[in-house]
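Participant: Have a look at this one.
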Amino acid sequence: MTTLLEHKPKPGDYAPFYANYVAAVETDDIVGYLAAQKAAMIDFLKEIVWEKWELAYAPKKWTLAEVVLHMIDGERVFAYRALRIARGDTTPLAGFEQDDYVPNSEAATRTPASIVDEFIAVRDASIHLFKNFTDTMWERRGVASNAEVAVAALAYIIAGHTEHHLKILRERYLGH
């Protein structure tokens, strides 16, 4: 029998670096939140005109397409960490260097539609992963990026990381 997480992670369940991401998500229903966020994100991304995807808001900043691909990459990494820890893998998990990933994403070769489709696929995979965790899986803890982390915190980090970058996209890239 599977259950859904019924409480928000607390400090100590994640590294202090992620506190703002976790704080950005005000819910005890993280799986429902991820699903609702997916729908809102799709609507948001589909409204952005093609030309905006190629632009950075300042010199040496990522393009809008690079930001969205970074969000996707981050979600994959955090979900992978959650999977490993939930399955009882106690191997410490390495960090990842986002500044190496972004230029190697070759975002300029992608269409906005292909990026949106990839976001949908990755988010669907995350939702399916999390919605089938048992209480025991949600409560497991492991080490990632040299810090202890709870599986539940990783779900909130995914949602909060998306909120963080969505705010940047609205304010700095689209002027909303």
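Participant: Looking for whichever is under 19 Å from ALA23 (Cα atoms), surrounded by fewer than 20 Cβ atoms within 10 Å (Cβ to Cβ) and not charged (D, E, K, R) here; the options are HIS128, HIS176, HIS165. Which one fits? Show your work before the answer.
Facilitator: On the way: HIS128 fails: under 19 Å from ALA23 (Cα atoms); HIS176 fails: under 19 Å from ALA23 (Cα atoms).
Exactly one of HIS128, HIS176, HIS165 is under 19 Å from ALA23 (Cα atoms), surrounded by fewer than 20 Cβ atoms within 10 Å (Cβ to Cβ) and not charged (D, E, K, R), namely HIS165.
Participant: Picking from LEU69, LEU83, LEU154, LEU129, which residue would you name as being closer than 19 Å to GLU51 by Cα and not in a loop (DSSP other than H, G, I, E, B)?
Facilitator: So the residue among LEU69, LEU83, LEU154, LEU129 that is closer than 19 Å to GLU51 by Cα and not in a loop (DSSP other than H, G, I, E, B) is LEU69.
Participant: Continuing with this model, one more query. Which of the following residues is in contact with a His (Cβ under 8 Å, 6 or more places away or on another chain), buried (at least 16 other Cβ atoms within 10 Å of the Cβ) and at pLDDT 95 or above: TRP62, TRP53? Break it down stepwise before answering.
Facilitator: Working: TRP53 fails: in contact with a His (Cβ under 8 Å, 6 or more places away or on another chain).
None of the others qualify; the one that does is TRP62.
Participant: Among the residues of segment 87-117, count how many are of a type in the set (A, V, I, L, M, F, W, C), part of a helix (DSSP H, G or I) and under 17 Å from the mean Cα position of the chain (by Cα).
Facilitator: 3
Participant: Residue under question is ALA121, and the condition is that it be closer than 21 Å to GLY12 by Cβ and either at pLDDT 95 or above or not polar (S, T, N, Q) (or both); does it hold?
Facilitator: Here the answer is no, as ALA121 does not meet what is asked.
Participant: Next question. List the residue pairs whose Cβ atoms are under 7 Å apart, where the first residue sits in segment 78-102 and is under 18 Å from TYR156 (Cα atoms), the second is of a type in the set (S, T, N, Q) and surrounded by 12 or more Cβ atoms within 10 Å (Cβ to Cβ), and the two are 6 or more positions apart or on different chains.
Facilitator: Matching pairs, first to second residue: ALA79/SER126; GLY95/SER145.
Participant: Has segment 27-34 got at least one residue that is in contact (Cβ under 8 Å) with a residue 60 or more places away in the chain, closer than 17 Å to ALA155 by Cα, among the β-branched types (Val, Ile, Thr) and touching a helix residue (DSSP H, G or I) at 6+ places or on another chain (Cβ under 6 Å)?
Facilitator: Among the residues of segment 27-34, at least one is in contact (Cβ under 8 Å) with a residue 60 or more places away in the chain, closer than 17 Å to ALA155 by Cα, among the β-branched types (Val, Ile, Thr) and touching a helix residue (DSSP H, G or I) at 6+ places or on another chain (Cβ under 6 Å), which makes the answer yes.
The values are calculated or read from the model by the stated rules, or taken from the named source; none is laboratory data. On a predicted model such as this, the values are computed, not experimentally measured, just so you know. All Cβ positions, even for glycine, are placed from backbone atoms using ideal geometry, and neighbour counts span all protein chains on display.
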